[in-house]
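A.B. asks: My questions all concern the structure below.
The values are calculated or read from the model by the stated rules, or taken from the named source; none is laboratory data. Predicted model, so just to flag it, every value in this text is computed and none were measured. Quick reminder, even Gly has a Cβ in these numbers, built from the backbone with ideal geometry, and neighbours come from all protein chains shown. The area values use the complete protein model at the heavy-atom level, side chains included, leaving out ligands, DNA and RNA. Shrake-Rupley method; radii C 1.70, N 1.55, O 1.52, S 1.80 Å.
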Amino acid sequence: MLPFLLLASRAEDAAADDEYAAYLRYGGLEERDLCRVRLEAAPLPDLDLAHYSGVIVGGSPFTSSDPPEQKSPVQHQVERELSGLLDVLVARDFPFLGACYGVGTLGTHQGAVIDRTYGEPLGGVEIELTGAGLEDPILRGMPGSFTAFTGHKEACTALPPHAVLLARSETCPVHMFRIRTNLYATQFHPELDVDGLVTRIDIYRNAGYFPPESAEDLMENARQFTVTEPMKVLRNFVDRYAR
């Protein structure tokens with residue numbers, strides 16, 4: 001099987017490694033099946049897509065809709081590299097799955113309105129599939145509604161006409177969409193289970209995403225949820241596009 005490519009941008013080694021392990025576990029992949037490039041650490045190398053089954057973009061500390069003057073040089077570099085890659089991926093309709101940061105990257109590239117209108121706090125959210133979502137192969141075997149973990153400052157306020165809305169929540173109108181046939185973005189995290197979110201909260205407790213003193217409460221809240229369905233997105237993506 002040709003490997004999948006994970007493009008990551010978490011600077012903390014513990015968070016980056018835990019994310020990579022989650023994609024391996026829920027994608028049913030071995031390390032040889034999932035190559036990882038950490039975009040925050042080095043420039044994106046030249047890629048020959050003929051060597052990959054698909055491209056996955058993981059979550060990120062970056063917020064696409066921030067004013068340019070507030071973005072770091074590293075963020076500007078990552079955005080330029082992902083935009084250039086998406087030029088190729090979209091033109092070829094190459095398999096792509098962007099998780100959380102995927103909405104900001106693929107959405108911006110395709111002309112969606114990405115802003116802070118529909119941010120959601122860290123925790124569990126009830127996701128509802130649209131009619132198109134119920135029929136999409138990447139959501140095969142999933143119920144019409146399910147709980148997923150999310151936590152994001154920005155979201156998609158309006159999709160371009162050519163995008164297909166696949167999922168939403170009560171507080172966020174776009175939780176998953178498709179471009180063409182093979183390019184997907186989710187706002188929820190398909191790789192996060194309860195242990196994964198608790199680990200991430202612990203890693204980021206002093207990173208400025210939330211008050212450090214609230215970390216224990218956030219972890220206890222995460223433990224109140226049962227999250228089993230979102231991970232099927234990863235396995236379905238792998239099963240559909242592995243070659």
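A.B. asks: Return the pair list, or none, for Cβ contacts closer than 8 Å from residues in region 118-134 that are assigned to a helix (DSSP H, G or I) to residues that are open to solvent by 10 Å² or more (accessible area, probe 1.4 Å) and modelled with pLDDT of 95 or more, at least 6 apart or on different chains.
C.D. replies: Within 8 Å, the pairs are ALA132/VAL164; ALA132/LEU165; ALA132/ARG178; GLY133/LEU165; LEU134/GLY144.
A.B. asks: For residues that are assigned to a loop (DSSP other than H, G, I, E, B) and in contact (Cβ under 8 Å) with a residue 60 or more places away in the chain, scanning just region 19-40, find the one that is surrounded by the fewest Cβ atoms within 10 Å (Cβ to Cβ). First the steps, then the outcome.
C.D. replies: Within region 19-40, the subset assigned to a loop (DSSP other than H, G, I, E, B) is 28-30, 39-40.
From the residues that got through so far, the ones that are in contact (Cβ under 8 Å) with a residue 60 or more places away in the chain too are 28-29.
On the way: GLY28: 13, LEU29: 19.
Here the answer is GLY28.
A.B. asks: Would it be correct to say that SER53 is open to solvent by less than 30 Å² (accessible area, probe 1.4 Å), at pLDDT 95 or above, under 22 Å from LEU39 (Cα atoms) and not in a helix (DSSP H, G or I)?
C.D. replies: On the way: open to solvent by less than 30 Å² (accessible area, probe 1.4 Å): yes; at pLDDT 95 or above: yes; under 22 Å from LEU39 (Cα atoms): yes; not in a helix (DSSP H, G or I): yes.
So SER53 passes the test.
A.B. asks: Let me ask something additional. Does ALA207 count as over 15 Å from GLY133 (Cα atoms), aliphatic (A, V, I, L, M) and out of contact with any helix residue (DSSP H, G or I) (no Cβ under 6 Å at 6 or more places or on another chain)?
C.D. replies: Working: over 15 Å from GLY133 (Cα atoms): yes; aliphatic (A, V, I, L, M): yes; out of contact with any helix residue (DSSP H, G or I) (no Cβ under 6 Å at 6 or more places or on another chain): yes.
Taking the combined requirement at face value, the residue satisfies it.
A.B. asks: Any idea how many residues of region 46-62 are touching a residue at least 12 places away in the same chain (Cβ under 8 Å) and either out of contact with any helix residue (DSSP H, G or I) (no Cβ under 7 Å at 6 or more places or on another chain) or aliphatic (A, V, I, L, M) (or both)? Please lay out each step first, then the result.
C.D. replies: So the first thing to find is which residues in region 46-62 are touching a residue at least 12 places away in the same chain (Cβ under 8 Å), and the list is 47, 49, 51-62.
Imposing the further condition that a residue be either out of contact with any helix residue (DSSP H, G or I) (no Cβ under 7 Å at 6 or more places or on another chain) or aliphatic (A, V, I, L, M) (or both) reduces the set to 47, 49, 51-52, 55-57, 61.
Result for region 46-62: 8.
A.B. asks: Taking the residues in region 74-109 that are among the polar types (S, T, N, Q) and under 16 Å from the mean Cα position of the chain (by Cα) as candidates, determine which candidate is least open to solvent (accessible area, probe 1.4 Å).
C.D. replies: Applying the first criterion (among the polar types (S, T, N, Q)) to region 74-109 yields 75, 77, 83, 105, 108.
The next check asks that each one be under 16 Å from the mean Cα position of the chain (by Cα); those that pass are 83, 105, 108.
Working: SER83: 52, THR105: 17, THR108: 77 Å².
So the residue we want is THR105.
A.B. asks: Oh, and also: In region 115-128, how many are open to solvent by 10 Å² or more (accessible area, probe 1.4 Å), modelled with pLDDT of 95 or more and over 15 Å from THR63 (Cα atoms)?
C.D. replies: Count: 4.
A.B. asks: Could you list all residues from region 130-181 that are among the charged types (D, E, K, R) and open to solvent by less than 40 Å² (accessible area, probe 1.4 Å)?
C.D. replies: First, pick out the residues of region 130-181 that are among the charged types (D, E, K, R): 135-136, 140, 153-154, 168, 170, 178, 180.
Residues satisfying the conditions are ASP136, GLU154.
A.B. asks: Let me ask something additional. For region 189-230, which residues satisfy the criterion of being in contact with a Pro (Cβ under 6 Å, 6 or more places away or on another chain) and open to solvent by less than 10 Å² (accessible area, probe 1.4 Å)? Break it down stepwise before answering.
C.D. replies: To start, the set of residues in region 189-230 that are in contact with a Pro (Cβ under 6 Å, 6 or more places away or on another chain) comprises 190, 205-206, 230.
If the condition is that a residue be in contact with a Pro (Cβ under 6 Å, 6 or more places away or on another chain) and open to solvent by less than 10 Å² (accessible area, probe 1.4 Å), then PRO190, PRO230 are the ones that fit.
A.B. asks: Let me ask something else about it. So which residues in region 2-17 are at pLDDT below 95 and open to solvent by 50 Å² or more (accessible area, probe 1.4 Å)?
C.D. replies: Result: ALA11, GLU12, ASP13, ALA14.
A.B. asks: Just one of the numbered conditions (1) hydrophobic (A, V, I, L, M, F, W, C); (2) in a helix (DSSP H, G or I); (3) touching a Cys at 6+ places or on another chain (Cβ under 8 Å) is not true of ALA215; which one?
C.D. replies: In the conditions (1) hydrophobic (A, V, I, L, M, F, W, C); (2) in a helix (DSSP H, G or I); (3) touching a Cys at 6+ places or on another chain (Cβ under 8 Å), ALA215 misses (3) alone.
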